[in-house]
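Asks: Take this structure first; my questions come after.
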Amino acid sequence: MLKRFFIICAFLFAAMAGFCQVDIDVYADKTNIDLSEEIQLTITVKSSSTEVEVSQMPSLPNFNIYSSGQSRNISMINGKINATQQFNYILIPRFAGKSEIDAFTVTVDGKNYQTEPITVEVSRTQTGNAEASLMKRNNSSKSTKEIKLKPSSPASKDDKPAFFMTASVDKDTAYINEQINLKVRFYQSQSTTGSPMYDRPKMEGLVFEDLGSKQEFEVINGRQYVYTQFDLAVFGILPGNATIGSATVEYRTVGDIFDPFYSFFSASKTDVKKVSSKPIAINILPLPKEGRPKSFYNAVGRDFAIKASLDNQTPQAGEPITLTITVKGHGNMRAVGDVPVPDLGKSFRVYDTTSSFTSKATGNILGGSKVYKTVIVPRASGVFTIPPIEFSYFDVKDKTYKTIKSNAIDLEVSPSANTSAAPLSFSSASAQGVNGGVEQILQDIRYIKEGDISLFSGLASGFGSLGKWHYLIFVLLAFGGIIYVLLNSEIPVFSKKKAFLTAKKALQKAKTVAEVSQILTKYIEMKLGKPIGIRSISECAKQLKLESQTAYSLETLWQEFEMLKYAPSSSLNSTVAAEEAAGKTLSVIQEMEKEVK
């Protein structure tokens, strides 16, 4: 018993270690610089969770730090998520000497991890400071207008304060998954000690991707400011009203940012202050139902393209090959649903599809690609064609649905090299010399051996000896079995109405979107009479024999819940979002009740 206990503990420990494995790496492109240079700092997080954020940056009094964007690559194989996320920063030195970049705090699934500190040597080979370095970079860019700094004029009543924030969007009305560009700016005309702490705005009914940050100069009412701009791509996930909350910055003041002596003389006593931007209301429109193609899988944006390829176009029968479908475009690739493999008939065995996506910003437009890989096995030799795959998306520019197709793929399957199975040969003479007969090359059928009468056969024979009364006994046994099934009913035949009533009652009490998603999953499993397992929602709809429109409504709702897994926790715990999700779910299962018999 003790040995078994230790073995079980070892397995549990190994499972927990694999489940909680998080790999965090921090990298600086250089550790020996002068005051006119900058450091590119990258934090890479590899984990099985997408709930990753840099929750706290260290106090860096010797550097100014700015975010330069994020990138992520997420793949899902057999239900397991493998995510690699990078957080990029630019560090500009303020003073010469030996400095240390302390540990960053990274939060993964609510647990905090810390990076390793990095030691940096800053030399005074060239004169300059953070703002001089910034101006040098800005003036070297062709897209940046040259700004000549002027002495600050005396402040008046109409002047802006020394520190303030603004937030603006390029549109306040958008369709679901249509990109909204958010710009948050932190203005300052005085220097700060250390790096200001930026807290991005909270989102309700929205998800976002970080597009990076930059710094520029601006003169307002004769007063010179340097502002840090944070760019985010925002997407609505549910129709209705959504809110971009206030962004905040905490800072400590010292003096005038354009005072050349501030780098050498700083106040010994500083005050912690905070500024905030104003919230922004967003109206999210539902995608039009009219003209929506069956090949629409929640892709919203522009310039989408689809391509199909095989890793081997001349396989042997029985040899597995991989069909790869790649979708590229400008839009929220995370929201794009699964693209089904076309019907290949009985000539191929088709396995489950795995997918991965990569997001990348070009300018302020988010895009990327999504790759689907499916293993298929040809059952027989011959020449086959994988037909073009249709893919539809909602074009945000033309406000219409557009359908594109992938290329068709020809493949030539040769006979299997495995000759262990001997074929049948039709010869001109049989083994007995009779013309026109069939020669037996291999015997493949083994006849059933007649043995002693089994217990079942004996019982059947006994019932038969009762004459016509054995029918009455059979009816009584069948009736008893039906009563037993009704009393212990968990099979689909009797649980259909029970599934609807249970789901309806649970939806009335649901307080979070996650609870609504679980209720829908349980309802489908009760209808199927078995767990969903690794089946896709499309396969479940086919097994339930849903009409195309109902199946589409179920798949769309399912994709919305899948997408909400990557939304901020505030969206998942929102009562308003839960009520909207419960209403949509109830509507879908009511449609299903009319069709599932």
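Asks: For the pairs LYS171/LYS278; LYS30/LYS278; LYS46/LYS274; LYS98/LYS202, note any where the Cα-Cα span goes beyond 27 Å. Spell out each step's value before the answer.
Replies: On the way: LYS171/LYS278 16 Å; LYS30/LYS278 38 Å; LYS46/LYS274 33 Å; LYS98/LYS202 37 Å.
The answer is LYS30/LYS278; LYS46/LYS274; LYS98/LYS202.
Asks: Calculate the FRET efficiency for GLN518 and ASN73 from the Cβ-Cβ distance with a Förster distance of 22 Å, rounded to the nearest 0.05.
Replies: Numbers: r = 28 Å, r/R0 = 1.28.
Efficiency, from the Cβ-Cβ distance: 0.20.
Asks: For GLN21 and GLN56, compute 0.36 nm times the residue count separating them, minus their Cα-Cα distance, and round to one decimal in nm.
Replies: Numbers: separation 35, 0.36 × 35 = 12.60 nm, distance 2.09 nm.
Gain in length upon complete extension: 10.5 nm.
Asks: Using a basic spin-label model with each label point 7 Å from the Cα along Cα→Cβ, how many nm lie between THR502 and ILE409?
Replies: Each label point lies 7 Å from its Cα, and together they span 4.1 nm.
Asks: Report the extension gain between LEU285 and ASP199 in nm, rounded to one decimal, defined as 0.36 nm multiplied by the number of residues separating them, less their alpha carbon distance. Provide the component values of the computation, followed by the final result.
Replies: Working: separation 86, 0.36 × 86 = 30.96 nm, distance 2.81 nm.
The LEU285-ASP199 span can extend by a further 28.1 nm.
Asks: Continuing with the same structure: Carbon and sulfur: what percent of region 166-252's accessible surface (1.4 Å probe)? Present the calculation step by step, with values, prior to reporting the outcome.
Replies: Numbers: 1220 of 2910 Å².
Exposed carbon and sulfur together represent 42 percent of the surface.
Asks: Using a simple spin-label model with points 7 Å from Cα along the Cα→Cβ vector, what separation in nm is obtained for GLU216 and THR322?
Replies: Reported label-point gap for GLU216 and THR322 is 4.4 nm.
Asks: Set the bar at 32 Å for Cα to Cα. Now go through LYS289/LYS527; LYS183/LYS370; LYS346/LYS504; LYS111/LYS273; LYS346/LYS530 and name every pair that lies beyond it. Working shown, then result.
Replies: On the way: LYS289/LYS527 27 Å; LYS183/LYS370 27 Å; LYS346/LYS504 40 Å; LYS111/LYS273 29 Å; LYS346/LYS530 26 Å.
Check vs 32 Å cut-off fails for LYS346/LYS504.
Asks: Same structure again: To the nearest Å, what is the center-to-center distance of region 194-226 and region 269-317, using C-alpha atoms only?
Replies: 24 Å
Asks: Determine how large the accessible area of VAL26 is when every protein chain is in place; take a 1.4 Å probe and give Å² rounded to the nearest 10.
Replies: 30 Å²
Asks: Sticking with this one: Using a 1.4 angstrom probe on the protein heavy atoms only, line up VAL219, VAL169 by accessible area, largest first. Present the calculation step by step, with values, prior to reporting the outcome.
Replies: On the way: VAL219 75, VAL169 40 Å².
Of VAL219, VAL169, the descending order of accessible area is VAL219, VAL169.
Asks: Let me ask something else. Under a point spin-label approximation (7 Å from Cα along Cα-to-Cβ), what is the ASP29-ASN312 distance to one decimal in nm?
Replies: According to this spin-label approximation, the distance is 4.2 nm.
Asks: I'd like the carbon and sulfur percentage of the solvent accessible area for region 300-424, probe radius 1.4 Å, heavy atoms only, ligands and nucleic acids excluded. Display every interim value, and only then the final one.
Replies: Values: 3150 of 6290 Å².
Ligands and nucleic acids excluded, carbon and sulfur reach 50 percent.
Asks: What accessible surface, in Å², does a 1.4 Å probe find on VAL300, ignoring ligands, DNA and RNA and rounding to the nearest 10?
Replies: Its accessible surface works out to 10 Å², give or take rounding.
Asks: I'd like the FRET efficiency for ASP102 and LYS273, computed as 1/(1 + (r/R0)^6) with the beta carbon distance as r and R0 of 22 Å, rounded to 0.05. Don't skip to the answer; put the middle values down first.
Replies: On the way: r = 23 Å, r/R0 = 1.04.
Efficiency for this residue pair is about 0.45.
Asks: Counting only heavy atoms of the protein chains, get the accessible area per residue of region 317-408 (1.4 Å probe) and round it to a whole Å² value. Intermediate results must be reported in sequence, preceding the final value.
Replies: On the way: 4240 Å² over 92 residues.
That works out to 46 Å² for each residue.
Asks: To the nearest 0.05, what FRET efficiency results for LYS46 and GLU539 with a Förster distance of 22 Å applied to their C-beta separation? Intermediate results must be reported in sequence, preceding the final value.
Replies: Working: r = 31 Å, r/R0 = 1.40.
Calculated transfer efficiency: 0.10.
The values are calculated or read from the model by the stated rules, or taken from the named source; none is laboratory data. This structure is a prediction, so every number in the text was calculated from the model and none was measured. Positions of Cβ are generated from backbone atoms using ideal geometry, with glycine treated the same way; all protein chains shown enter the neighbour counts. These accessible areas exclude ligands, DNA and RNA; they are computed on the full protein's heavy atoms, side chains included. Shrake-Rupley method; radii C 1.70, N 1.55, O 1.52, S 1.80 Å.
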